[in-house]
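Bear in mind these aren't lab numbers, they're just calculated from the coordinates by the rules spelled out. Keep in mind that what you see is a predicted model, and the values were worked out from it rather than measured. Cβ: placed from backbone, ideal geometry, glycine included. Neighbour counts: every protein chain shown.
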Amino acid sequence: MEVHFEMLPADLAAFQRYWGRHQTLREAFFSRAAVLGVLIALQFFFVPVVLHWYMDGLELGRACLWLWGGQLVFWVAVFLVVKVNTNTYKTRFKGSNKEIRMAIDPERLHYFTPRITQSLLWKAIEKIGVTKNYAFFFIQPNAAFVLPCRAFADREAFQTFVDTARRFYDGAKAFRDEPYEETA
């Protein structure tokens, strides 16, 4: 089964809403929180060090400069971490949202854009999420292929595609959980 469509900003917003509502997906994606945690820990280390320097004779002006400079570096780093993570799609895949093609077969999920061709075994798919207007094929806890319902002639065709994909996914998941049957 194969479908062609164009990715719209509303499709990405739908994915972000879906991802934001599912706690287990958010908890699995910790890289931004880990980076911010390290930055905050460094900040708590930096301030006492500068204050210790001041107590050991560093001029008040220089101590303030060090503190203000550390604060500036900290907030710029926080801004960059948040901004880079939120704009990844825009910068990396700009212009690749035209002519998207998704195909499924019993072995794999295929995803084609003008810049990217990916073919994943069903056991590599982490989850299939479905809403009224979208299907999300998660390849990581924070990344999914978005399939809009509008890519199909009607809702029945969309539901048939999703049901078939789920059947393939469930079959691969069952095999992944228990790959071999014992024979007597």
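Here are the numbers for the structure shown:
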{"read-out": "Label zone at ARG166 (point 7 Å along Cα-to-Cβ), backbone N below 18 Å, region 104-148", "value": "104-106, 109, 122-123, 125-139, 145-148"}
{"read-out": "Karplus-derived 3J(HN,Hα), 6.51/-1.76/1.60, for each residue of region 131-137, Hz, glycine and proline x", "value": "10, 4, 10, 9, 10, 10, 9"}
{"read-out": "Cβ-Cβ FRET estimate between HIS4 and LYS173, R0 fixed at 22 Å, reported to 0.05", "value": "0.20"}
{"read-out": "By average C-beta atoms within 10 angstrom, highest first, the peptides 141-152, 100-111", "value": "141-152, 100-111"}
{"read-out": "Residue-by-residue Karplus 3J(HN,Hα) for region 7-21, coefficients 6.51, -1.76, 1.60, Hz, glycine and proline x", "value": "7, 10, x, 5, 5, 5, 5, 5, 4, 5, 5, 4, 4, x, 8"}
{"read-out": "Spin-label model distance (nm) - LEU72 vs ASP154, 7 Å beyond Cα toward Cβ", "value": "6.5"}
{"read-out": "Under 15 Å, Cβ to Cβ, from VAL49 - net charge with Lys/Arg +1 and Asp/Glu -1", "value": "0"}
